[in-house]
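Here the structure comes first, spelled out in structure tokens, and everything after it is commentary.
The values are calculated or read from the model by the stated rules, or taken from the named source; none is laboratory data. On a predicted model such as this, the values are computed, not experimentally measured, just so you know. For neighbour counting, all protein chains shown are included, and Cβ atoms are generated from backbone atoms with ideal geometry for every residue, glycine included.
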Amino acid sequence: MKYLDEYRNPGIARRIVDEIHQVTTKPWVIMEICGGQTHSIIKNGIDQILPKKIELVHGPGCPVCVTPLEKIDRALEIAAQEDIIFTSFGDMLRVPGSQKDLFMVKSEGADVRIVYSPLDAVKIARENPDKKIIFFAVGFETTAPINAMAAFQAKREGLKNFSLLVSHVLVPPAMKALLSSPQNRVQGYLAAGHVCTIMGIEEYKPIAKEFDVPIVVTGFEPLDILEGILQVVKQLENGKAEVLNPYSRVARNEGNKAAQELLKKVFKISDRKWRGIGEIPMSGFELIDDYAEYDAEKIFGMGNIEVDEPQECISGLILQGIKKPNECAAFGKSCTPQSPLGATMVSSEGACSAYYSYAKR
Ligand code: SF4
């Protein structure tokens, strides 16, 4: 298939791997930001064919994984109420809250529906004027435009029974927070290509400069990832810290201007809590005041939910690149995809799930 097969070519992969071996002289720690990249790395065994001096650590770019537990618990409470149709992408339904998940709430009689687009939820709102329809808007900059479009469309139609439970997070502030941590090990980043497709690359330049880290915009196919690693290692070996974009076939340096304009019309940037990491200043989207009537948090409130994370789960350390999934005592024992303790095992983009699915290491 065009644009896929040519980025999975084993001969070219071998040549890039050889070049990475040739240019690597010192130990380097490189973080891939996105869970999709983590899955590609583990699935294709990329981490095992690199020089031993290069360590790949897995970043916080899994939106399901970083959604705070209290927000999931509140989603469960709202979904269980009368006259509610609670909608979400499928991967959120299995994410465990403190006691249950959305599938369990659905099995208890709540009207919880999987949708493939928030615009499907708008359609449900149109067709069910006597119900309140909520869409669980979880994600990074990548999915924010379509969620913004859903709110925009609902407002344009004057729908009064649609709202978004927003848990959107932004990648650059998280990259900065990780680099600022005293525990930081990251020396170079593979930036998330799909996020850059929307937002462009400008936000990364001050980070590369301030922290002296190379940042390479990277896609998701094996050759994309190998090329990203090669360009990070070359910079590290040569003492450079630039933002490069070898993923320009998809991500233009300026991003998608129309999507950025839509985001500005609907969302504003605010502080956001990340599960396993804590609050990061100005790292999330929330609806602007003009869209308050479409904000499920304002309509239903967040309540006073106290949550306890499972003691044995170290997903917070994994999301910060400090530990690997196979360093968790529960991995593959009390925690499996069938019975997950933490979101990094349940999410299709989670690092624990990748290790379990492809390597069981
Ligand atoms: S294996 Fe399970 S318990 Fe361990 S860090 Fe991953 S999600 Fe948490």
Item to complete: Can you tell me which residue within the stretch 198-217, out of those that are part of a loop (DSSP other than H, G, I, E, B) and without any contact (Cβ under 8 Å) to a residue 40 or more places away in the chain, is surrounded by the fewest Cβ atoms within 10 Å (Cβ to Cβ)?
Response: Asp212
Item to complete: At least 3 residues that are within 30 Å of Gln231 (Cα to Cα) and of a type in the set (Val, Ile, Thr) in each: list the strands (runs of 3 or more DSSP E) lying fully within the stretch 1-114 that qualify.
Response: 28-34
Worksheet entry | Total residues in the stretch 74-83, condition crowded, with 19+ Cβ neighbours inside 10 Å and touching a residue at least 40 places away in the same chain (Cβ under 8 Å) | 4
Worksheet item: Filtering the stretch 84-121 down to residues that are hydroxyl-bearing (Ser, Thr, Tyr) and surrounded by fewer than 19 Cβ atoms within 10 Å (Cβ to Cβ), which residue is farthest from the chain's Cα centre (by Cα)?
Response: Ser107
Discussion item. Being in a loop (DSSP other than H, G, I, E, B), more than 14 Å from the ligand (Cβ to nearest atom) and more than 30 Å from Ile20 (Cα to Cα) is the requirement here; does Val307 meet it?
Written reply: yes
Discussion item. Could you go through the stretch 293-302 and let me know if any residue there is more than 13 Å from the ligand (Cβ to nearest atom), more than 19 Å from the chain's Cα centre (by Cα) and closer than 14 Å to Leu69 by Cβ.
Written reply: yes
Fill in: Gln320 vs. criteria surrounded by fewer than 22 Cβ atoms within 10 Å (Cβ to Cβ), assigned by TED's automatic domain parsing to the domain that holds Val169 and within 16 Å of the ligand (Cβ to nearest atom)
no
Worksheet entry | Residues located in the stretch 323-336, provided they are among the charged types (D, E, K, R) and within 9 Å of the ligand (Cβ to nearest atom) | Lys323, Glu327, Lys333
Worksheet item: From the list Ser283, Ser270, which residue is without any contact (Cβ under 8 Å) to a residue 24 or more places away in the chain, assigned to a strand (DSSP E or B), in the same structural domain as Ala121 (by TED's automatic domain parsing) and among the polar types (S, T, N, Q)?
Response: Ser270
Worksheet item: When the residues of the stretch 337-357 are filtered to those that are hydroxyl-bearing (Ser, Thr, Tyr) and surrounded by fewer than 16 Cβ atoms within 10 Å (Cβ to Cβ), which remaining residue is nearest to the ligand (Cβ to nearest atom)?
Response: Ser339
Worksheet item: Is there a residue being touching a Gly at 6+ places or on another chain (Cβ under 6 Å) and within 27 Å of Ala208 (Cα to Cα) anywhere in the stretch 50-57?
Response: yes
Worksheet item: Restricting attention to the stretch 122-151, which residues are among the charged types (D, E, K, R) and either surrounded by fewer than 24 Cβ atoms within 10 Å (Cβ to Cβ) or more than 16 Å from Cys62 (Cβ to Cβ) (or both)?
Response: Lys123, Arg126, Glu127, Asp130, Lys131, Lys132
Worksheet item: Mind checking whether some residue in the stretch 233-251 is surrounded by 22 or more Cβ atoms within 10 Å (Cβ to Cβ), in contact with a helix residue (DSSP H, G or I) (Cβ under 6 Å, 6 or more places away or on another chain) and closer than 16 Å to Leu170 by Cα?
Response: no
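Between Gln235, Gln260, which is touching a Pro at 6+ places or on another chain (Cβ under 6 Å) and either part of a helix (DSSP H, G or I) or not assigned by TED's automatic domain parsing to the domain that holds Lys53 (or both)? Walk me through it before giving the result.
Values: Gln260 fails: touching a Pro at 6+ places or on another chain (Cβ under 6 Å).
Selected residue: Gln235, the only one of Gln235, Gln260 that is touching a Pro at 6+ places or on another chain (Cβ under 6 Å) and either part of a helix (DSSP H, G or I) or not assigned by TED's automatic domain parsing to the domain that holds Lys53 (or both).
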Worksheet item: Just checking, how many residues over the stretch 21-38 are surrounded by fewer than 23 Cβ atoms within 10 Å (Cβ to Cβ) and not charged (D, E, K, R)?
Response: 9
Discussion item. Criterion first (crowded, with 22+ Cβ neighbours inside 10 Å and part of a helix (DSSP H, G or I)) does Ile229 satisfy it?
Written reply: yes
